[in-house]
1. How many residues does segment 153-186 contain that are polar (S, T, N, Q) and not in a loop (DSSP other than H, G, I, E, B)?
2. Scan the helices (runs of 4 or more DSSP H) fully inside segment 19-111 and keep the ones with 2 or more residues being in contact with a Phe, Trp or Tyr (Cβ under 8 Å, 6 or more places away or on another chain) and under 29 Å from Asp324 (Cα atoms).
3. Consider only pairs whose beta carbons are under 8 Å apart and that are at least six residues apart or on different chains; among these, list those whose first residue lies in segment 113-141 and is under 19 Å from Arg270 (Cβ atoms) and surrounded by 14 or more Cβ atoms within 10 Å (Cβ to Cβ) and whose second residue is of a type in the set (Gly, Ala, Ser) and modelled with pLDDT of 95 or more.
4. Out of segment 147-161, which residues are touching a residue at least 40 places away in the same chain (Cβ under 8 Å) and within 19 Å of the chain's Cα centre (by Cα)?
5. Residue by residue through segment 162-183, note down the ones that are surrounded by 16 or more Cβ atoms within 10 Å (Cβ to Cβ), of a type in the set (A, V, I, L, M, F, W, C) and under 22 Å from the mean Cα position of the chain (by Cα).
6. Kindly list the number of the only condition in (1) modelled with pLDDT under 90; (2) at negative phi that fails for Leu306.
7. Among Leu213, Leu192, which is the only one that is assigned to a helix (DSSP H, G or I), at pLDDT 90 or above, among the hydrophobic types (A, V, I, L, M, F, W, C) and under 18 Å from His136 (Cβ atoms)?
8. Based on what the data block shows, is Gly80 more than 17 Å from the chain's Cα centre (by Cα) and of a type in the set (Gly, Ala, Ser)?
Amino acid sequence: MITENKLRIKRDGFELARKAKQSRYRELEEIRRKFVAKFPPSRIPLLKLDEYVVGKRNRDGKICRDSFCYWVVYETDKLGRIKPFPSSFRVFCEQKTQRYKFTKNFKNENDALKYQRDQIVRLLEAGRVNDLKAIHQIDISQTFKGKILFLYYPEKHLNIFSERYIDDFLREIPLTVPNENLDVFKKGELLLTFKSDDEIMSRWTMYEFTDFLYDTWGNPKSRFGDSTLADIKTIISNTTTDPTTMEAQVTVRLGQGEFGSEVRELWNHRCAVTGSITMAALEASHIKPWADSNGGERLDPNNGILLTASLHKLFDAGLISFEDSGKMLVSSKLSQSERKIFGIVGKTLSIKPSSETANYLAYHRTKIFV
């Protein structure tokens, strides 16, 4: 937390640094303008598969760098980093086989592309007028959505795409969050109001404002490291701690830490089975149990699945599992009446598991499923 006087001193001090960084800001804005010129809103409804997907190779065998997804993730990386989860794109090209892959509930890659294009068009329309309610309802993963909004409307939307980072800055400033259930874009609006209400900050570009946040409070990841990953890694390396105790010590940290955050992003912030978006009811579960995993596997988001609390308990107990296709397996130990109570009849994962996740699921089916 920071006092009003210290905030004023930091702000005035940043004014000098800001003026010295103008060439960098011009470079960033040039990258953004190139993106918008290459993919104007009018082009989005017309994008063909190879113009949209990431992973497609050219004739020379190199990955194509001209697609929409490639630009959003890689070519504009300096403007704000997002992780290239395939589920965020909804349709992509598998690098090894060069086959199109798409998330469940679509007949083919063209249907998936059409749906995603429509969602992006709706997003751009809502982003132009800053309709936060409409933005929230659009079916695109959170960080992908945030990056697209900033690229097209940098004067209205933050170039910070991690909800954990936004939450951290809100606490550090500090700013009052009126409702703990606010979505990430409404939380971002609180930071933007903080900017616009200040006579000096209101004149800054978004690049300058976010630089000020990082310069004043540092990278939130360093603070998360102190309270989550660093602690977890210390526990992992403590060979005197038995696996059961280890798991108990990190459960809470994982729910709010890097693992939980990446698992939520990987599954589009929805229960992998029911599609629920009520974050308070969702839990990041390890597929290969904590006690059976090595250090890398314990923090690998591909070893995670986002489930409602009741499904999480069933999964951990081995009463349900999933095939590589995503089809749910239900243990014979659960009666038909219990299956109906839990609503697990004929269910499949909303996203087909990646090859990495499938490897973990194979372990779960073999060692945990009963």
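1. Within segment 153-186, residues that are polar (S, T, N, Q) and not in a loop (DSSP other than H, G, I, E, B) number 0.
2. Values: elements: 22-38, 49-52, 86-89.
Once the helices (runs of 4 or more DSSP H) in segment 19-111 are filtered for at least 2 residues that are in contact with a Phe, Trp or Tyr (Cβ under 8 Å, 6 or more places away or on another chain) and under 29 Å from Asp324 (Cα atoms), what remains is 49-52, 86-89.
3. Arg122/Ala134; Ala134/Ala126; Ile135/Ala126; Ile135/Gly127; Ile138/Ala126
4. Once the filter is applied, which keeps residues that are touching a residue at least 40 places away in the same chain (Cβ under 8 Å) and within 19 Å of the chain's Cα centre (by Cα), segment 147-161 yields Lys147, Ile148, Phe150, Leu151, His157, Leu158, Asn159, Ile160, Phe161.
5. Ile166, Phe169, Leu170, Leu182 - these are the residues of segment 162-183 that are surrounded by 16 or more Cβ atoms within 10 Å (Cβ to Cβ), of a type in the set (A, V, I, L, M, F, W, C) and under 22 Å from the mean Cα position of the chain (by Cα).
6. (1)
7. Of Leu213, Leu192, the one residue that is assigned to a helix (DSSP H, G or I), at pLDDT 90 or above, among the hydrophobic types (A, V, I, L, M, F, W, C) and under 18 Å from His136 (Cβ atoms) is Leu192.
8. Values: more than 17 Å from the chain's Cα centre (by Cα): no; of a type in the set (Gly, Ala, Ser): yes.
It is false that Gly80 is more than 17 Å from the chain's Cα centre (by Cα) and of a type in the set (Gly, Ala, Ser).
The values are calculated or read from the model by the stated rules, or taken from the named source; none is laboratory data. As the structure is a computational prediction, the values presented were derived from the model and not from experiment. Positions of Cβ are backbone-derived with ideal geometry, glycine not excepted, and every protein chain shown enters the neighbour counts.
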